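What follows is one structure encoded as structure tokens, with my remarks underneath.
The values are calculated or read from the model by the stated rules, or taken from the named source; none is laboratory data. This is a predicted model, so every value here is computed, not measured. Cβ placement follows ideal geometry from the backbone for every residue including glycine, while neighbour counts extend to all protein chains displayed.
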Amino acid sequence: MGISMDWEAGLSIWKQIEKQLLADIASGVFAPGDKMPTEMELVRRFGVNRHTVRRAMSALVDANVVRVEQGRGAFVQEQILDYPLGAKTRFSQIVSGRHRLPDKRLISSEILKASAAIAQFLDVKPGTRVVELFSVSEADGVPLAVATSYLPVARFEGIVEIFTQTKSLTEAFKHFGIDDYSRKTTRISAQLPSSRVASLLKQAKNRPVISTESVDVDAAGVPIEYGITAFSSDRVQLIVE
């Protein structure tokens, strides 16, 4: 069912529809991350043709207010978090510093034998026992990143329970006498997520993620963590410091 619009003289109808949708988003009718009505739903709502609706939606996309996901529809763009990558990268501090509520949930954990690649990053022998932590990081309940961390079991026996309680690797490290650590290397690439990662990030599989591979070291320069993180490219902007 359409609504009665008081069209303004001298202003294009598509522009007035854009203004109305912007007002809907600003007032919370459509919240960040919400799916927008379909093209036909908007046609019926405003009583106009598809071309007019399409032009209004294109303007919202161009303004980065709405994003379109192929096969899924249009969504209100979430707040983009500036995420600095430096020697002291700390998720909770970064998110809290943007006046948002951080959270990190452990999805799964497993004890593995280090592959040659993982062993090289951690500076241990291949086959050394490592613990794999698979987690999702959120801000205000919105998933921003999915991370896989590898740590040597010999140094971090029992870290799964501690990480589950503290929801922070930084806090968990303190339990093992590591009050400070730093980022040694970070490699950045773009790729499509796996089905599992896409599901945890609540995004389509055809939306790319920003992937980082990193190594953190203690004060003596000894590697303590090798991590692979997939950031939502719609919600996070990485800043290399």
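I'm checking my understanding of the structure. Among residues of the range 51-81 that are over 22 Å from Gly141 (Cα atoms) and in contact (Cβ under 8 Å) with a residue 40 or more places away in the chain, which one is surrounded by the most Cβ atoms within 10 Å (Cβ to Cβ)? The qualifying residue surrounded by the most Cβ atoms within 10 Å (Cβ to Cβ) is Ala56.
One residue stands out in the range 25-38 among those that are exposed (fewer than 15 other Cβ atoms within 10 Å of the Cβ) and not in a loop (DSSP other than H, G, I, E, B): the one that is modelled with the lowest pLDDT, namely Ala26.
Please tell me if Leu85 is assigned by TED's automatic domain parsing to the domain that holds Glu171 and modelled with pLDDT under 95. For Leu85, the condition - assigned by TED's automatic domain parsing to the domain that holds Glu171 and modelled with pLDDT under 95 - is met. When Ser149 is tested against (1) under 18 Å from the mean Cα position of the chain (by Cα); (2) polar (S, T, N, Q); (3) not assigned by TED's automatic domain parsing to the domain that holds Val236, only condition (3) is not met. Pairing residues of the range 18-40 that are closer than 15 Å to Gln77 by Cβ with residues that are among the acidic types (Asp, Glu), at Cβ distances under 6 Å and at least 6 apart in sequence or on separate chains, gives Phe30/Asp24; Pro32/Glu78; Gly33/Glu78. Considering the range 146-241, the qualifying helices (runs of 4 or more DSSP H), each wholly inside and each with 1 or more residues that are under 20 Å from Val95 (Cβ atoms) and hydroxyl-bearing (Ser, Thr, Tyr), run over 159-166, 169-175. Apart from one condition, Arg67 fits all of (1) assigned to a helix (DSSP H, G or I); (2) of a type in the set (Lys, Arg); (3) within 20 Å of Asp234 (Cβ to Cβ); the exception is (1). The number of residues in the range 177-199 that are farther than 30 Å from Asp218 by Cα and not basic (Lys, Arg) comes to 6. Does Lys167 qualify as being within 20 Å of Arg98 (Cβ to Cβ), charged (D, E, K, R) and in contact with a Ser or Thr (Cβ under 9 Å, 6 or more places away or on another chain)? So Lys167 passes the test.
When the range 77-129 is filtered for residues that are farther than 23 Å from Ile162 by Cα and in a helix (DSSP H, G or I), the ones remaining, listed by number, are Gly97, Ala116, Ala117, Ala119, Gln120, Phe121. Within the range 4-39, the set of residues being hydrophobic (A, V, I, L, M, F, W, C) and closer than 29 Å to Val142 by Cα comprises Ile17, Leu21, Leu22, Ala23, Ile25, Ala26, Val29, Phe30, Ala31, Met36. Evaluation of Val48 against the conditions (1) surrounded by 14 or more Cβ atoms within 10 Å (Cβ to Cβ); (2) closer than 29 Å to Gly141 by Cα; (3) touching a residue at least 12 places away in the same chain (Cβ under 8 Å) shows that the sole unmet condition is (2).
For Ser194, the conditions (1) touching a Leu at 6+ places or on another chain (Cβ under 7 Å); (2) surrounded by fewer than 18 Cβ atoms within 10 Å (Cβ to Cβ) are fulfilled apart from (1).
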